[in-house]
Amino acid sequence: MKLVADNAGKQTLFHSIDGSDVLEVRQDVSQIIEQNKAQYNAIDERAKWGELTKIASLPMVVIDDLNKKGIMQGLRLWTNEALRLS
């Protein structure tokens, strides 16, 4: 296993397994999860949700995966229907 890149908390690793080359992307998301939990718990559930209400922060590895699947383009969702995965 060889570290290829370490950028903004994302690590890209190179593996050679059974003659096949594999790139793996990792990110420690524990801090993002804890921040999401704290922000969720700080919300007044009786307050009306506005038009632009934050739901959560997504790790970059998740955003990259959603971009590859065509659900997102950059940091923007294409449509609400794109979230309904089969």
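Values for this structure:
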read-out	value
Scan of region 1-31 for residues that are of a type outside the set (Gly, Ala, Ser) and in a loop (DSSP other than H, G, I, E, B), ordered by number	1, 18, 28, 29
Counted residues, region 2-34 - those being surrounded by 10 or more Cβ atoms within 10 Å (Cβ to Cβ) and over 21 Å from residue 65 (Cα atoms)	2
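Each row is one residue, and each column tells you yes or no for (1) at pLDDT 75 or above; (2) assigned to a helix (DSSP H, G or I); (3) within 29 Å of residue 7 (Cα to Cα); (4) hydroxyl-bearing (Ser, Thr, Tyr).
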position	(1), (2), (3), (4)
33	yes, yes, yes, no
53	no, no, yes, yes
56	yes, no, yes, no
61	yes, yes, yes, no
67	yes, yes, yes, no
82	no, yes, yes, no
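The values are calculated or read from the model by the stated rules, or taken from the named source; none is laboratory data. Just so we're clear, the structure is a prediction, and the values are computed from it rather than from any experiment. Counting neighbours? That spans all protein chains shown, and the Cβs are built from the backbone with ideal geometry, glycine included.
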